[in-house]
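Bear in mind these aren't lab numbers, they're just calculated from the coordinates by the rules spelled out. Only a predicted model underlies this, so the values are computations on that prediction, with no experimental measurement involved. Counting neighbours? That spans all protein chains shown, and the Cβs are built from the backbone with ideal geometry, glycine included.
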Amino acid sequence: MQEKKGFSVNGYLMICVLLVAQAAAFFYAVEGSPEGGIIFSLLVGALWMGYFMVQPNQAKVMTFFGSYVGTVSNVGLRWTIPLFRRTNISLRIRNFESAKIKVNDNQGNPIEIASIVVWKVTDTAEAVFDVDDYESFVRIQSESAIRNMASSFPYDPRDDEQAEVALRSHPIEISERLQEEIQARLAKAGITILESRISHLAYAQEIASAMLQRQQASAIVAARKQIVDGAVGTVEMALQRLNEKGVVELDEERKATMISNLLVVLCGDKSTQPVINTGTIY
């Protein structure tokens, strides 16, 4: 069912029309037929029941004996046929934060995830008639989309070297994918998703400690690799400078000893204690 424009006219204009009609009914009852004037007055009085007010960013969905006859979104005082039943529906932007959901990522790791969804009604007919309760429908389908999206990506990019996108490291891409997932489920309800972002993301409590140790170990290994790369470059530069300046002639054994000592000094966690050699190096 698609939204269509319902019949309504300016309420202030109809006030003038009905006042004139009411006056005409009064004179007709006095000067003409009293019975006809009373019937005319009752008819005009019934027409006064057709007034309704439309607030900004709201609409009235109208039905006539169960049939949808249109939606009125013109702001202000409006008038329509009194027999039309009018249901108020908000067109304002709304948002909600989903509950924390426990789900497995694509590596099988249990994680906790929650998101904020910003949405609005864009087709009043679909929202009112195609689903039973569109607000509840938005919440349930949003949580379903979050579960499906979270299970399609790894939590951390180090968990899957082939993965281009991960939940923790690619927030923009994940938000776009989540918005697409939710919109695909809510399009039939006349709902448009304006924005969706992850508000909570963490490993589940039962594996949080182990995963923290894993992350710390990975960080230590990465730092060590950078330190070793820098130390090797420093040793290479030192040997090259000594050779260019002709400061000292070193055989292969002494070079190996020097390289070992420099690497210990540059890569060690603690400060080294130097040993001074007062004799010959040979």
Discussion item. Using 0.36 nm times the number of residues separating ASP130 and LEU13, minus their current alpha carbon distance, what extension gain do you get?
Written reply: 38.6 nm
Worksheet item: Considering only Cα-Cα distances, which of the following residue pairs are longer than 30 Å: LYS102/LYS188; LYS60/LYS100; LYS5/LYS188; LYS5/LYS120?
Response: LYS60/LYS100
Worksheet item: So what's the net charge close to MET53: Lys and Arg +1, Asp and Glu -1, counting the other residues with Cβ under 11 Å from its Cβ?
Response: +3
Practice prompt. Place a +1 charge on the Cβ of each Lys and Arg in the stretch 94-203 and a -1 charge on the Cβ of each Asp and Glu, then give the dipole magnitude about the Cα centre in debye, rounded to the nearest 20.
Written response: 260
Worksheet item: Expressed as a fraction of 2.2 N^0.38 Å, the rule-of-thumb size for a compact globular protein of N residues, what is the C-alpha radius of gyration of the stretch 9-89?
Response: 1.30
Item to complete: Calculate the spin-label point distance for GLU180 paired with GLU253, positioning each point 7 Å from the Cα along the beta-carbon direction, and give it in nanometres.
Response: 6.7
Response to the item:
For the stretch 94-203, the convex hull over Cα atoms projects on average to an area in nm² of 6.3
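Taking Cα pairs under 8 Å and at least six residues apart, what relative contact order does the stretch 32-149 come out at, in percent?
Value for the stretch 32-149: 20 percent.
If R₀ is 51 angstrom, what is the calculated FRET efficiency for the pair ASN74 and GLN226, using the beta carbon separation as r and rounding to 0.05?
Computed FRET efficiency for ASN74 and GLN226 comes out at 0.20.
Expressed as a rounded percentage, what relative contact order does the stretch 50-93 have, with Cα pairs under 8 Å and six or more residues apart? Please report the intermediate quantities before stating the final value.
Working: 79 pairs, mean separation 21.9, N = 44.
Computed over the stretch 50-93, the figure is 50 percent.
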